[in-house]
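The values are calculated or read from the model by the stated rules, or taken from the named source; none is laboratory data. As the structure is a computational prediction, the values presented were derived from the model and not from experiment. For neighbour counting, all protein chains shown are included, and Cβ atoms are generated from backbone atoms with ideal geometry for every residue, glycine included. Protein only, heavy atoms only, side chains kept; ligands, DNA and RNA dropped before computing areas. Shrake-Rupley method; radii C 1.70, N 1.55, O 1.52, S 1.80 Å.
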Amino acid sequence: MDTEKQNRRLRRIGWIAAVLVIALAVMAGGFALLQPLSPDRLMAQAPRPATQILDRNGRLLYEILDPATGRHREIRLNEMPLYLRQATIATEDASFYSNPGVDPWGIIRAAWINLRGGEVLAGGSTITQQVARILLLSPEERAERTLARKLKESILAYRLARQFSKDDVLALYMNQAYYGSMAYGVEAAAQTYFAKPARELDLAECALLAGLPQAPAVYNPLANLKPAKERQAVVLRLMAKQGYITAEQAAEAGRETLHFAATLFPIQAPHFVMYVRDLLSAQIPEDVLRAGGLKVYTTLDLNHQRAVEDAIQRHLAELAEEKPGEPDHNVHNAAAVAISPQTGDILAMVGSPDYFNAEIDGAVNAALALRQPGSAIKPITYAAAFSRDYSPATMLVDTREAFTTKEGDPYIPMNYDLRFHGPVLLRQALACSYNLIAVKVLQHVGIDALVQTARDLGITTLDDSDRWGLALTLGGGEVSLLQLTQAYAAFANSGNSVAARAILRVEDAQGRVLASWDVPEPAQAVSPQVAFLITDVLSDNAARAFVFGENSPLRLSRPAAAKTGTTTDWRDNWTVGYTPNLAVGVWTGNADNSPMRDVSGITGAAPVWHDAMESILRGLPEEIIAPPGGVVQVEICADSGLLPNPDCPHRRLEWFIQGKEPTETCVWHRTVRIDRLSGLLAGPNCPAESVEERVYVFWPAEAMDWARDQGLSLPPAACPLHPSGEPAPIPGALSLALVSPDPNAVYRLSAALPANLQSLELAARFLSDAAQATITFYVDGAAVGEDAEPPYRMMWPMQPGEHTIWAVAATPSGEQFASETRRFSVLPPEAPAPVLN
């Protein structure tokens, strides 16, 4: 009883405060505010022309219709789900049914801020105040942030609360509020987002819709699903706090998978239009947009848009065809973006093949969704490397290698073809998308360098370096197609950053420009020289032919740079590429994240990219990215990447940033004297008539095991009949590395096998050449065996426990070199499962 008396007393105080505030407002604003409030006055809407969204050439994409005649149908309060009403009240005005229509304390705070010279900010209004603002204030008044506007709104809200029932006010609000995506009122919102009438919405859907009016562009689930879900969680918590639902109901609704759809309405480039609509909401007051009469000129070219849409539809249909011997590819979705590298203008944006297909969540804009890019992120890694000390001629060895993660676990990257390719230059490694080399490059430059380069190129979703490991260069992070295409466009724009632009200008009914979007001043993301090197590699059809063939979809009728990407789980594949005047990115996959079957970037996204590029570029003059100042072309050995010596059989011209050209001469290819009788190296005592000269490849020590496995010709040993013929080692300090076991590897013994058959290979290799050495392996400090000839390896009978291993090499001259120390574990056999009788 005491609590009830206290509540009545508080309500009485609130009403008294409200009356005092009203009195103050009347004295300030005059008695014009006391005109009768009739339903006709509330709903009076003068005829207004529709706001038009146009392409860059003035062709209509969509009309934002007057709310009274457009996508806006009023329904009765009893047709709205109880959960939706409760969610709205809990979120917007928890005391709605008990307050006097205004928040007196909020007005007093606004007055205090005004007296102190501050700006009266939006927010904190009751539902009744919001109705007054929407229906009774002019567009100019609604845009004001003054105490006078706040007082006027409060007077009108107070009078609304006195003349209309709470249910009537709530119905007015829920029928007039803007929910984003051009949906006014809950019925239009339910149809827009879920393709169903409001009365069929469940708790999860009600909570999501109730959270939208506060910031429709920010919480738009079709463009920003993660913030929308976070907002939904807030609404559900507020509902539970008010006692409308239990905590268990809130948790269950939060876990529910939402299926979005869209109703059919006249629109071109629907995903782009919705993207523009959200940008407009952030720049132009909603009331001005609703007033109509505006012309919004966008960057989109409707012809290019249709060409991209056709390419997507055509190729998805081809993948869906049943063909003998081929699996069902399970590819139902795709997205594409076309950008001008010079201006950032979005010329085409397709977010799905069918905006109105609920089965594929067609209304979700996959061009803005975050997805793993696979190998399509690699050019950014290489740009970071080329900005430092690497070049397209840098040689790295592509052989099995275990890297250690932050958690201390072994990480062993595999190439797409499940093979290793030995010594390769970075030109071929990037063009052919070798994974292990990309990891080595990232290890060299550091994760921070990749993250910073990505940020400079316009990718904002990889900023937290601490989250990532070496797999980031293989697509372990998430990016949007739009931002990744922006990054590639920067390579086409001499390394200058490219900011995507969707709107050119907004005009009023009289043709006056209300707002315009200028091309931002570009920043130098990477140097013109680095941008040129990346472009030259990505447009090198010969370099990628080893993997993709001579006539892959990446080859256009004009020079073009391109890169594919496929995630290891087959859920995403990409192709992004560019010419000087066009950058296009394509993603294919499924909205429900189900994996594709037998579809890679070259067979899924690349054909769409090829056709889109050819269609948009048709009729335009062919342009090439010319070498900028500061790059030079030098002849190199095509195998080692160094300056060629007379014995090098394969040579080519390579581009370098000036000052980073190679200065060392190749020592791989060497002429040696061979004893024809033994086939071994000739010593000084071999008869002259039995000696001949041959050229051999002296592979780097790191690649020797690979060369043996490939059956390649290796230099012969010294002739035992005529000694002193061994070749000198390649200059450089001798170093030794363990090959097996991997760092921190964990093995388990099997109860099903005899102990003497369970052995672990111990292996080591030199990282620089040694003519002859004996390698001894140590486990837990004890020598367990040695090997005097490459490949250096032995078998060790496994024993349970935590172990350490290292190796020591001894040369004939008595020098010794130790490898690093690694730890590994051997677990005992698992106990057999109990037999149940």
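P(r) of the stretch 756-824 in 5 Å steps, Cα pairs, percent per bin?
All Cα pairs considered, the percentages come to 4, 16, 29, 24, 15, 8, 4, 1.
Check cross-link reach from residue 152 to the lysines: straight Cα distance under 24 Å, and skip same-chain residues fewer than eight apart.
166
May I ask for the equivalent-ellipsoid semi-axes of the stretch 534-612, computed as the square root of five times each C-alpha gyration tensor eigenvalue and listed largest first in whole Å?
In descending order, the three semi-axes are 23, 14, 10 Å.
Only loop residues by DSSP count here, and only those with at most 11 other Cβ atoms within 10 Å; note down the GluC sites (Glu not before Pro) in the stretch 257-349 that meet that.
In loop regions of the stretch 257-349 (DSSP not H, G, I, E or B), the sparsely surrounded GluC sites (Glu not before Pro) are 321, 322.
Per residue, how large is the accessible surface of the chain? Use a 1.4 angstrom probe and give square angstrom.
44
Please compute the Cα-Cα pair-distance distribution of the stretch 221-289 with 5 Å bins starting at 0, giving whole percents from short to long.
Histogram of Cα-Cα distances, whole percents per bin: 3, 13, 17, 16, 16, 13, 12, 8, 1.
Going by Cα centres, the stretch 520-595 and the stretch 371-415 are how many Å apart?
17
How do the peptides 156-167, 202-213 rank, highest first, by the average count of neighbouring beta carbon atoms within 10 Å per residue?
Top to bottom by mean Cβ count within 10 Å: 202-213, 156-167.
Would you mind checking the radius of gyration and Dmax of the stretch 163-255 based on alpha-carbon positions, in Å?
Answer for the stretch 163-255, Rg first and Dmax second: 13.2, 42 Å.
Could you sort 462-474, 387-399 so that the peptide with the highest average Cβ count within 10 Å comes first and the rest follow in order?
Descending mean neighbour count gives 387-399, 462-474.
Hey, any idea what % of the stretch 282-336's accessible area is carbon plus sulfur with a 1.4 Å probe?
46
What ranking of 412, 267 comes out by heavy-atom accessible area, probe 1.4 Å, highest first?
412, 267
In whole percent, and with a 1.4 Å probe on the protein chains, what portion of the accessible area of the stretch 555-702 is carbon and sulfur?
For the stretch 555-702, the apolar C and S fraction of the accessible surface comes to 51 percent.
Over the stretch 298-362, with a single point scatterer placed on each C-alpha, what log10 of the ratio I(q)/I(0) does the Debye formula yield at q = 0.16, 0.25 1/Å?
-0.61, -1.05
Counting other C-beta atoms within 10 Å, and keeping those with at most 10, which DSSP coil trypsin sites (Lys or Arg not before Pro) do you find in the stretch 568-634?
Listed in order of number, the matching sites are 618.
What distance in nm separates the two pseudo spin-label positions at residue 97 and residue 542, each 7 Å out from Cα along the beta-carbon direction?
With each label placed 7 Å out from Cα toward Cβ, I get 8.0 nm.
Can you send over the carbon and sulfur percentage of the accessible area for the stretch 153-222, probe radius 1.4 Å, protein chains only?
Roughly 44 percent of what the probe reaches on the stretch 153-222 is carbon or sulfur.
Per q in 0.06 1/Å, what log10 I(q)/I(0) does a Debye calculation on the alpha-carbon atoms of the chain return?
Log10 of I(q)/I(0), two decimals: -0.56.
Among 518-524, 819-825, what's the highest-first ranking by average C-beta atoms within 10 angstrom per residue?
The peptides rank, most packed first, as 819-825, 518-524.
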